[in-house]
Amino acid sequence: DESVAQSETALSLLPNPHPDRAEIHNDIAATLERKFKLLRSQDRIDEAAACLEEALTQAAIACDLTSEMEAVYAERACNFATLLAHKYDMATDKTAVQQQLSLVRDIFCAAAMAPNSSPRSRINAATRAGRFLLKAEQWEQADKVLAEAIELLPRVVISSMSSEDQQDLLQDISGLGTYAAEAALQNGRPAWQALQRLEAARCVVSETGMKQRSDLRELERSHPDLAHDYKLLRDQISRRIRVPETEVEYLSSRDVQERRLRAISELEENIRTQPGFERFQRPMVEADFKMLAEFGPIVVFNIGWTRSDIFVVKTESISTLSLEFYDTLDLRSRIESLCTVSGRSQRNGVVRERRATGHTIESLLQWIWDIAVERAVDCALEGTDPKTLRRIWWITSGLFGSVPFHLAGDETTNNTFSRCISSYISSFKALRYAREKANTLHVAKDSPALLITMPTTPGPHEALNTKIEESIFKNVFHNNNVLLELPSRNEILDTLSPFSFVHLACHGVSMLQDPSRSGIVLLNDDKDQAFILTVADLEKVDLEAAFIAYLSACSTAEIGSGKLRDEAIHLTNSFQMIGFPHVIGSIWPAYDRAAGEIASGFYKGLTAAEDITAEGVVAKALHDAMLEFRSKENDVAKWGPFVHVG
């Protein structure tokens, strides 16, 4: 209330008209929205409704005083539309305020198309407009608005953002790829164009700043002057615009933003005339997707508002299979149950107990096979020899981000594991990067190997039995291996660089809100407290020799819930993105003995291969090790969680 009173005093002191008045009205609306949310959370409904009406009045004035050509228009329009959406949500009679919902949709659409607003504000508006347009079955308009947002994504500067700003961005664009792909299909576009949009919006934050061979990195190497100009313009366009104090400043700032947007478009076209940069900052096209399927089909799931689809990518085609979900809440409940039925963890940063869910893991795996995976496998392997195990790559996102596709089915041969060798990858971009990195390596069976073990860890972490892994490392790598037991973070950073094989038998922690802080639990320099070796730490290490990282820590490939599902954030993917073409992780808590025996089988199978860098060798070694353990102890909770990413 005090903040609102001060703002109202400021308004009374300003002449009318004045350029600052719109910003002050917008600030008052934002303050009142926070008060409204607080009152509503306390069930003070009448007071909340009155507060909301006052906020709407202020936001409407702010929008009326703001031209669509101003850089701040999209932000203010989004604020107004959000308040209108709150009013719709609070209405007991939805039909009476149906027209208001149309107004919300129209304002979000206008904000999304505001030519001089920042890319981030426009993307936020487009994502929200897309939801409303899809619900209204306005396929063509939804397709147009969401396609525009996808094209703006490369202009959002992420690498310079704080982790808090990155999370705000994720809130803004959560679901963008899903909606854009859904709208494209509903509007009759071919499957590859829908997939193009889904891919463009995936892993926006988690793939930024990693050691990817990005367009910009390659441009810096080949044309540093063009790269400098591009980064400068992109930074300027994305920067938060200061509110102009005079009409002259307002006109000047608008002109400057228009010139920058024209300049960056012209610069992009110039860059695309350079040899090798014809596709600079362009999304993948149909041929790119098909080329990545040369060693096996790639399957992608998209669970949308109005339709759900399976994309199956082969060298000869990109097709979709329609999925019919009659109960989305049931779908969500069952998938979340998959993360809780596997039992107690010994290799997780936090010990988790089995929760009663009403489902067994076997029933859940049969269910996911029946509703989705069997059809995907049938389509992916159509026309192939059933006696030969083909590879399938699974790209996970959204609600399906935590599903163990490689385990779906029953205990006969009517399951994924019996029909193919599975690999996971966070995106097509990540798969392309992993293959490019692998093709540059010269790795042999006697390449240096590093084993990092934490049999005991200070704090609440349980003791681990790492003896099996220590034994197999000595037997497989002989004298060309180094064991670091109970190491500090700095010991690892000083040692890691020359090793092709890195095996970590320790506790792992995934920080879903900030993936750069995910890591492995080691010791501090004094070795008296636990200390996390983070992904951000590892980014600073020269990992040019890196080939395989085996994370025998728990839940290293488990995707969390909420808005970060589209980012596919987990420790295994993070290791792949910083330079390891192959990573072995686990999607739920691993049992100690199973972890050791499957690691043993993996390394024996790997080193038995004539060429360990040959396509498919690493994934097959893990598949065979899991198969061997299953033949002795057919408990899927024990042998099932291990996955190959790469």
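Within region 182-201, residues that are assigned by TED's automatic domain parsing to the domain that holds Leu134 reach partners that are among the aromatic types (Phe, Trp, Tyr) and assigned to a loop (DSSP other than H, G, I, E, B) with beta carbons closer than 7 Å, at six or more positions or on different chains, in the pairs Glu182/Trp305.
Check region 54-63 and report whether any residue there is within 21 Å of Ala149 (Cβ to Cβ) and either assigned to a helix (DSSP H, G or I) or in contact with a helix residue (DSSP H, G or I) (Cβ under 8 Å, 6 or more places away or on another chain) (or both). So far as region 54-63 goes, yes, one or more of its residues are within 21 Å of Ala149 (Cβ to Cβ) and either assigned to a helix (DSSP H, G or I) or in contact with a helix residue (DSSP H, G or I) (Cβ under 8 Å, 6 or more places away or on another chain) (or both). Of all residues in region 275-290, those that are closer than 24 Å to Glu220 by Cα have Cβ atoms under 7 Å from Cβ atoms of residues that are part of a loop (DSSP other than H, G, I, E, B), 6 or more apart or on another chain, in Glu278/Arg272; Phe280/Arg272. Here is the figure for region 587-628: residues that are surrounded by 23 or more Cβ atoms within 10 Å (Cβ to Cβ) and among the β-branched types (Val, Ile, Thr) total 3.
For every residue, the table says whether it meets (1) modelled with pLDDT under 90; (2) not polar (S, T, N, Q).
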{"position": "Thr416", "(1), (2)": "no, no"}
{"position": "Asn439", "(1), (2)": "yes, no"}
{"position": "Asp446", "(1), (2)": "yes, yes"}
{"position": "Leu464", "(1), (2)": "yes, yes"}
{"position": "Glu469", "(1), (2)": "yes, yes"}
{"position": "Ile472", "(1), (2)": "yes, yes"}
{"position": "Asn475", "(1), (2)": "yes, no"}
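I'd like to check something: does region 27-43 contain any residue that is modelled with pLDDT of 90 or more and outside any helix (DSSP H, G or I)? Yes - at least one qualifying residue is present in region 27-43.
Among the conditions (1) of a type in the set (Ser, Thr, Tyr); (2) modelled with pLDDT of 90 or more; (3) surrounded by fewer than 19 Cβ atoms within 10 Å (Cβ to Cβ), the only one that Thr412 does not satisfy is (2).
In the set (1) at pLDDT below 80; (2) of a type outside the set (A, V, I, L, M); (3) more than 23 Å from Pro581 (Cβ to Cβ); (4) surrounded by 21 or more Cβ atoms within 10 Å (Cβ to Cβ), the condition left unmet by Gln196 is number (1). A single entry from Ile452, Ile425 fulfils the requirement of being out of contact with any helix residue (DSSP H, G or I) (no Cβ under 6 Å at 6 or more places or on another chain), within 19 Å of Ile548 (Cβ to Cβ) and at pLDDT 90 or above: Ile452. If the condition is being under 21 Å from Cys420 (Cβ atoms) and of a type in the set (Val, Ile, Thr), then region 613-635 contributes Val617, Val618.
Somewhere in region 492-505, is a residue in a helix (DSSP H, G or I), surrounded by fewer than 17 Cβ atoms within 10 Å (Cβ to Cβ), touching a helix residue (DSSP H, G or I) at 6+ places or on another chain (Cβ under 9 Å) and at pLDDT 90 or above? First the steps, then the outcome.
Within region 492-505, the subset in a helix (DSSP H, G or I) is 492-495.
Subsequent filtering for residues that are surrounded by fewer than 17 Cβ atoms within 10 Å (Cβ to Cβ) retains 493-495.
Filter again for touching a helix residue (DSSP H, G or I) at 6+ places or on another chain (Cβ under 9 Å), leaving 493.
Going one step further and asking which of them are at pLDDT 90 or above, we end up with 493.
Yes, region 492-505 has at least one match.
If only one of Ser447, Ser471, Ser518 is assigned by TED's automatic domain parsing to the domain that holds Asp611, under 29 Å from Leu606 (Cα atoms), among the hydroxyl-bearing types (Ser, Thr, Tyr) and surrounded by fewer than 17 Cβ atoms within 10 Å (Cβ to Cβ), which one is it? Among Ser447, Ser471, Ser518, only Ser471 is assigned by TED's automatic domain parsing to the domain that holds Asp611, under 29 Å from Leu606 (Cα atoms), among the hydroxyl-bearing types (Ser, Thr, Tyr) and surrounded by fewer than 17 Cβ atoms within 10 Å (Cβ to Cβ). Based on what the data block shows, is Glu462 in a helix (DSSP H, G or I), of a type in the set (D, E, K, R) and farther than 23 Å from Thr607 by Cα? So Glu462 fails the test.
If the condition is being within 15 Å of Phe501 (Cβ to Cβ) and not in a helix (DSSP H, G or I), then region 612-625 contributes Ile612, Thr613.
Give the residues of region 68-103 that are closer than 25 Å to Leu261 by Cα and without any contact (Cβ under 8 Å) to a residue 40 or more places away in the chain, sorted by residue number.
none
The values are calculated or read from the model by the stated rules, or taken from the named source; none is laboratory data. Everything numeric in this text was worked out from a predicted model, so none of it was measured. Backbone-built Cβ (ideal geometry, glycine too); neighbour counts: all protein chains shown.
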